[in-house]
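*Asks:* The structure is given below, and queries will be raised subsequently.
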Amino acid sequence: MSVAATRSESAAAFAVRRRDLLARPGRPVAARRRDLAELTDSWLVETFASAADSAGDSQAGVALVAVGGYGRGELSPGSDLDLLLLHANRRDVTALAEKIWYPIWDSGVRLDHSVRSLEEARRLAGRDLAVLLGLLDARLVAGDEGLVGRLRSTVLADWRAAARNRLPQLREAWDARGARYGDLRHAIEPDLKEGRGGLRDLVSLRAVAASWIADRPHRDVDDAVARLADVRDALHLITGRGGNRLLQQEQDQVAERLGLRDADVLLREVATCAAAVTHASDVTWRRALQATRTPRSRYVRGRRPVLRLLGPGLAEHDGEAVLTAQADVSTDRLLVLRAAARAARAGLPLSPSSVDRLAADAPPLPEPWPDSARNLFVELLGSGPALVPVWEALDQAGLIVRLLPEWSRVRNLPQRNAVHAFSVDRHLLETVVEARQSVRDVARPDLLLWAALLHDIGKGTGGDHSVDGVPLAEAVCRRVGLAAEDIDVVRRLVRHHLFLVETATRRDLADPESAQAVAEAVGRSDVLDLLLALTAADARATGPAVWTPWRAGLVDRLSDLVRGTLAGAPLPVQPPLTPHQLDLVSGRTLAVEIERTYDSSWTVTVAAADQRGLFGAVAGVLALHRFSVRAAQASTVGDMTLDVWTVEPEIGGEPVLQTLRDDIRRALDGTLDLTRKLERRDSERRQRKGWSPPAARVDLVAAASGGATVIEIRAADTSALLHRLGRAIALMGVGIRAARVATIGAEAIDVFYLVGDTGGPLDEASVREVLRVLRDAAG
């Protein structure tokens, strides 16, 4: 038999054994990774020996080395084989390398290979961090063991000698990777390897530990990384390919393979593991970088460290808040809260050893909490950005759930919403941080901070979290000892934390019912102030694109109307047209004007003869010009209509008045086929994304207005949607008094105030017909 045939037969036999191993049921996932590495090792030993024998070669001075994950003795089903053929300046190594690489290629396993001399490998590791990180896990597979030993010892020695200079470079690379791939804890489709808190972080932590400058946590982080590897293995087996991104369409299958209920449970488990890895990384990097900035001569043998007291039993040491020897952990019931509050106030992290002491020995607080405990907790909440690392350190140790058992419901809970930048628990913390900006503007800043912490506590229940969160928030408030009247305020804030922004963006502010509904919900002006501050903090904490100047302006306008209503002022009425607007409609010709409203928003005013389809035509032209409609207000004066639109450009730039006026005129006289152009654009977008929109919801909003019928449409956001809806309403002979348009991610929420021929609400039969037609139009 020829050498090529023997090589092919060996590769095929290995492929069969490998496939059988991956298909074997009942084997724990981590054990299967080790089995796969051992199976691969044994085959590569044979392959290496066969290659050396066929060349009549000795194995001295050459070694086959596993690096990276394979070097750690584990292989995932879709992972590459990371191999280095290391040699001692041998000139004939290329022929030997080909005899090793070809069987691997024949087996179908992906190969990442290199051939280097000992000096080349050392030199590359000295200037390329990626090479260094791989070699830190170098492991002999076959060949000259002494050569691999020299490689490891020289590379480690070089790394330790240069670590003070190179660790900051490694940290920069770590930061850049996190910025590119995002945080595993908060992603809807996380990258299990490259995301912050993912598998790649273990490599960085091992490198820091190998430098001997700072050690890393082991048990918890190793368990978390192993579980993330389990998830990746399941992903590889389901997709049949290597990959690290856990896409939504694959999450349920991965969950099922791992014995989990569904994708939500899977994502929460991934987030929990990522939180442990991220916390370990933060601690390790903080200590490592602190050490690199500390002069070597700082510490003198026998000299006791200098401590700066922060409070009873707490001091600052080496950039961390630590418990002193005098701290009475087992009997001081306030120590957990005092340590957390004073550390955050000083802008310091809690040392891991101190947190471990608190978790092991701290006694529980009495219920209800004494005033001193509640004051310390509010001090912690009011500490600003320093709250987050202190809270997460306590949370990783299980101390937060001991203080607030309801926290377990939202801990590491994914949002499943692209608008949210964070998981539910981290969003709550970010809201508290944002609310800190408003504590001087409200009468009860403590209640603002409590409401910020608890406003989304009802998420994950499957119902309306604003409703489901109320009893949970009340339970927390009773446990911490808030007075009954204060509990009522927090309850109102949790129940109505979305009410201001939803009313401002989805209701007609010229309708008296809008302000009246909010006034009845808040009851008092001081509660309105708290709700306004909570609304802004919640929106800013959600994501950078949520609290726009346009939304903020609408909420401010609504709050002014509500404040007047609470003070007994007459209910607002539809504002009259300005003299300039009256001039526009009196001209009895098409008029279009543009005015900048905010930095990114514009007001487009259109005066035209009252006719069916005007709203839909203008909406279509604005969409054609790539402007997102945020609000629209319609007024009729005799046989003329004045529509005022608030728009934002999708891709920058500003409206071109003449082009906009010409296209509106063409749309009205029928020479511009808006429907065909917009539908073609949306069809191309759907094809590019492989996207099929879900069924739309069209609902009557009862009692939202005394002067109009309010219809809310929730549908996939497309260019043609508002145009289709406006055209459908016109064909039914129904008037549009006002419209509010909101976009949340890929979801559009359009609200229409519709009136009949008499200028009032529609009758029951007309409402049924409108709902049917709009469902068809919304798709």
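*Asks:* Short version: ³J(HN,Hα) in whole Hz for each residue of the range 738-743, in order, from phi by Karplus 6.51 cos²θ - 1.76 cosθ + 1.60 (θ = phi - 60°), x for Gly and Pro, what are they?
*Replies:* Using θ = phi - 60°, the values come out as 7, 8, 10, 10, 10, 10 Hz.
*Asks:* Next up: Where nothing but the Cβ of Lys and Arg (+1) and of Asp and Glu (-1) is charged, how large is the charge dipole of the chain around its Cα centre, in debye to the nearest 20?
*Replies:* Values: 102 positive and 104 negative charges, 461 e Å.
For this selection, approximately 2220 debye.
*Asks:* Could you work out the local net charge near ARG200, counting Lys and Arg as +1, Asp and Glu as -1, over the other residues with Cβ closer than 12 Å to its Cβ? If you can, show how the numbers build up before the last one.
*Replies:* Details: positive: ARG177, ARG180, LYS193, ARG196, ARG206, ARG232; negative: ASP191, GLU194, ASP201.
For residues surrounding ARG200, the net value is +3.
*Asks:* Between exposed chymotrypsin sites (Phe, Trp or Tyr not before Pro) in the chain, where DSSP calls loop and at most 16 other Cβ atoms lie within 10 Å, what's the longest gap? Before the final figure, lay out each step's value.
*Replies:* Numbers: sites that count: TRP212, TYR299, TYR598, TRP691.
Longest run free of exposed loop sites: 300-597.
*Asks:* Let me ask another. Enter the mean projected area of the convex hull around the alpha-carbon atoms of the chain, in nm², rounded to one decimal. Show your work: numbers first, answer last.
*Replies:* Details: hull surface 169.1 nm².
Reported value for the Cα convex hull: 42.3 nm².
*Asks:* Here's another thing I want to ask about it. If we count every other residue with Cβ under 12 angstrom of PHE377's Cβ, Lys/Arg +1 and Asp/Glu -1, where does the sum land? Intermediate values should be presented prior to the final figure.
*Replies:* Numbers: positive: ARG338, ARG374, ARG479; negative: ASP371, GLU379, ASP446.
That works out to 0.
*Asks:* Now, a different point. Mind computing the radius of gyration and Dmax over the alpha-carbon atoms of the range 456-515? Å is fine for both.
*Replies:* Here Rg and the maximum Cα pair distance are 13.9, 42 Å.
*Asks:* Applying the Karplus parametrisation 6.51 cos²θ - 1.76 cosθ + 1.60 with θ = phi - 60° to the phi angles of the range 177-182, what ³J(HN,Hα) value in whole Hz is obtained for each residue in order, glycine and proline being reported as x?
*Replies:* Coupling constants for the range 177-182: 5, x, 5, 6, 9, x Hz.
*Asks:* Compute the convex hull volume of the Cα atoms of the range 381-464, divide it by the residue count, and report the result per residue in Å³ as a whole number. Intermediate values should be presented prior to the final figure.
*Replies:* On the way: hull volume 8.7 nm³, N = 84.
So the per-residue Cα hull volume is 104 Å³.
*Asks:* Over every pair of different alpha-carbon atoms in the range 237-284, take the mean of 1/r and invert it; report that Kirkwood radius in Å. Kindly include the intermediate steps, with their values, before the conclusion.
*Replies:* Numbers: mean 1/r = 0.0843 Å⁻¹.
For the range 237-284, the Kirkwood estimate is 11.9 Å.
*Asks:* Taking θ as phi - 60°, what are the ³J(HN,Hα) couplings along the range 348-360 by the Karplus curve (6.51, -1.76, 1.60), each to the nearest whole Hz, with x for Gly and Pro?
*Replies:* Per residue, the Karplus-derived 3J(HN,Hα) values read 10, x, 7, 5, x, 5, 5, 4, 4, 4, 5, 5, 7 Hz.
*Asks:* Tell me, what is the FRET efficiency for ARG123 and ALA418 to the nearest 0.05, using R0 = 41 angstrom and their Cβ-Cβ distance as r? Can you show the working numbers first?
*Replies:* Numbers: r = 45 Å, r/R0 = 1.10.
Efficiency at R0 = 41 Å is approximately 0.35.
*Asks:* If amide hydrogens are placed 1.01 Å from N in the peptide plane, which non-local residues have theirs closer than 5 Å to the one on ARG196?
*Replies:* Under 5 Å from the amide H of ARG196: GLY182, ASP183, LEU184.
*Asks:* Between ASP92 and ASP361, what length in nm is gained on full extension when 0.36 nm per residue of separation is reduced by their alpha carbon distance? Numbers along the way, then the final one.
*Replies:* Details: separation 269, 0.36 × 269 = 96.84 nm, distance 6.45 nm.
Working it through step by step, the gained length comes to 90.4 nm.
*Asks:* So which trypsin sites (Lys or Arg not before Pro) in the range 165-249 are both in a DSSP loop and have at most 14 other Cβ atoms within 10 Å of their Cβ?
*Replies:* On the way: sites: ARG166, ARG171, ARG177, ARG180, ARG185, LYS193, ARG196, ARG200, ARG206, ARG219, ARG227, ARG232, ARG241, ARG245; in loops: ARG185, LYS193, ARG241.
Taking the range 165-249 and a limit of 14 other Cβ atoms within 10 Å, the loop trypsin sites (Lys or Arg not before Pro) found are ARG241.
*Asks:* Please give the length that would be gained between THR603 and ALA49 if that part of the chain were fully extended, namely 0.36 nm times their separation in residues minus their C-alpha to C-alpha distance (nm, one decimal). Show your work: numbers first, answer last.
*Replies:* On the way: separation 554, 0.36 × 554 = 199.44 nm, distance 7.72 nm.
Roughly 191.7 nm would be gained on extension.
*Asks:* Also: What residues have an amide H closer than 5 Å to that of SER628, excluding those fewer than 5 places away on the same chain, when H is modeled at 1.01 Å from N in the peptide plane?
*Replies:* GLU648, GLU650
*Asks:* How large a share of the accessible area of the chain, in percent, is made up of carbon and sulfur atoms when the probe is 1.4 Å and the other protein chains stay in place? Don't jump to the answer; show the numbers that get you there.
*Replies:* Working: 16970 of 34370 Å².
C and S atoms contribute 49 percent here.
*Asks:* Right, next: Taking only DSSP H segments of four or more residues, each worth -39500 (n - 2.57), what value at 222 nm results for the chain once the sum is divided by all its residues, to the nearest 500 deg cm²/dmol? Intermediate results must be reported in sequence, preceding the final value.
*Replies:* Values: 30 runs with 419 residues, N = 779.
Dividing the helical sum by the residues of the chain leaves -17500 deg cm²/dmol.
*Asks:* May I pose another question? Amide H to amide H under 5 Å from GLY143: which residues, 5+ apart in sequence or cross-chain, H placed 1.01 Å off N in plane?
*Replies:* Amide H neighbours of GLY143, under 5 Å, 5+ apart: LEU64.
*Asks:* Taking a 1.4 Å probe, which of ILE400, ILE736 shows the most accessible area, and what order do the others take after it? The partial results should precede the final answer.
*Replies:* Working: ILE400 0, ILE736 30 Å².
Result of the area sort, largest leading: ILE736, ILE400.
*Asks:* Additional query: For the range 452-531, run through the trypsin sites (Lys or Arg not before Pro) and keep only the ones in DSSP coil with at most 15 other Cβ atoms within 10 Å of their Cβ.
*Replies:* Details: sites: LYS459, ARG478, ARG479, ARG491, ARG492, ARG495, ARG506, ARG507, ARG524; in loops: LYS459, ARG507, ARG524.
Taking the range 452-531 and a limit of 15 other Cβ atoms within 10 Å, the loop trypsin sites (Lys or Arg not before Pro) found are ARG524.
*Asks:* What angle do you read, to the nearest 10 degrees and between 0 and 90, between the alpha-carbon axis of helix 335-345 and the longest principal axis of the chain?
*Replies:* 80 degrees
*Asks:* Let me ask something else. Mind giving me the nanometre distance, one decimal, between the label points for LEU21 and ARG478, set 7 Å out from Cα along Cα→Cβ?
*Replies:* 5.8 nm
*Asks:* Using the Cα atoms of the range 710-779, I'd like the radius of gyration and the largest Cα-Cα distance, Dmax, both in angstrom.
*Replies:* Spelled out, the Cα radius of gyration and Dmax of the range 710-779 are 11.7, 37 Å.
*Asks:* Between helix 445-454 and the chain, what is the angle of the helix's C-alpha long axis to the longest principal axis, kept within 0 to 90° and rounded to the nearest 10?
*Replies:* 70 degrees
*Asks:* Debye calculation, C-alpha points only, no solvent: report log10 I(q)/I(0) for the range 329-427 at q = 0.15 Å⁻¹, in the same order as the q values.
*Replies:* Relative scattering, expressed as log10 I(q)/I(0), comes to -0.61.
*Asks:* Mind checking the alpha-carbon convex hull of the range 238-377 and giving the volume per residue in Å³? Could the numbers behind the result be given before it?
*Replies:* On the way: hull volume 27.4 nm³, N = 140.
Cα-based convex hull of the range 238-377, divided per residue, equals 196 Å³.
*Asks:* Dividing the Cα convex hull volume of the range 143-268 by residue count, how many Å³ per residue is that?
*Replies:* On the way: hull volume 17.4 nm³, N = 126.
Once divided by residue count, the hull of the range 143-268 is 138 Å³.
*Asks:* Please compute the length gained on full extension between ALA162 and ARG440, using 0.36 nm multiplied by the number of residues separating them and subtracting their Cα-Cα distance. Present the calculation step by step, with values, prior to reporting the outcome.
*Replies:* On the way: separation 278, 0.36 × 278 = 100.08 nm, distance 4.95 nm.
Working it through step by step, the gained length comes to 95.1 nm.
*Asks:* Once you place label points 7 Å from the Cα toward the Cβ at ARG626 and ASP776, how far apart are they in nm?
*Replies:* 3.4 nm
*Asks:* Between ARG524 and ALA569, take the C-beta separation as r, use R0 = 25 Å, and let me know the FRET efficiency to the nearest 0.05. Each step should come with its number before you reach the end.
*Replies:* Working: r = 15 Å, r/R0 = 0.61.
E between ARG524 and ALA569, to the nearest 0.05, is 0.95.
*Asks:* State, to one decimal in nm, how far the label point of ALA173 lies from the label point of TRP105, with both points 7 Å from Cα in the Cβ direction.
*Replies:* Reported label-point gap for ALA173 and TRP105 is 2.8 nm.
*Asks:* So with the 1.4 Å probe, I'd like the accessible area per residue for the range 372-487, rounded to whole Å².
*Replies:* Values: 4000 Å² over 116 residues.
Heavy-atom accessible area per residue stands at 34 Å².
*Asks:* Okay, next question. Using only Cα atoms, find the angle between the long axis of helix 764-778 and the longest principal axis of the chain, and express it within 0 to 90 degrees, rounded to the nearest 10.
*Replies:* Once rounded, one gets 40 degrees.
*Asks:* Over the chain, calculate the relative contact order: mean separation of alpha carbon pairs under 8 Å at least 6 apart, over the residue count, as a percent.
*Replies:* Numbers: 1244 pairs, mean separation 52.9, N = 779.
Once divided by the residue count of the chain, the mean separation gives 7 percent.
The values are calculated or read from the model by the stated rules, or taken from the named source; none is laboratory data. This structure is a prediction, so every number in the text was calculated from the model and none was measured. Neighbour counts run over all protein chains shown; Cβ positions are idealised from the backbone, glycine included. The protein model used for the area step is the full one, side chains on, heavy atoms only, and it has no ligands, DNA or RNA in it. Shrake-Rupley method; radii C 1.70, N 1.55, O 1.52, S 1.80 Å.
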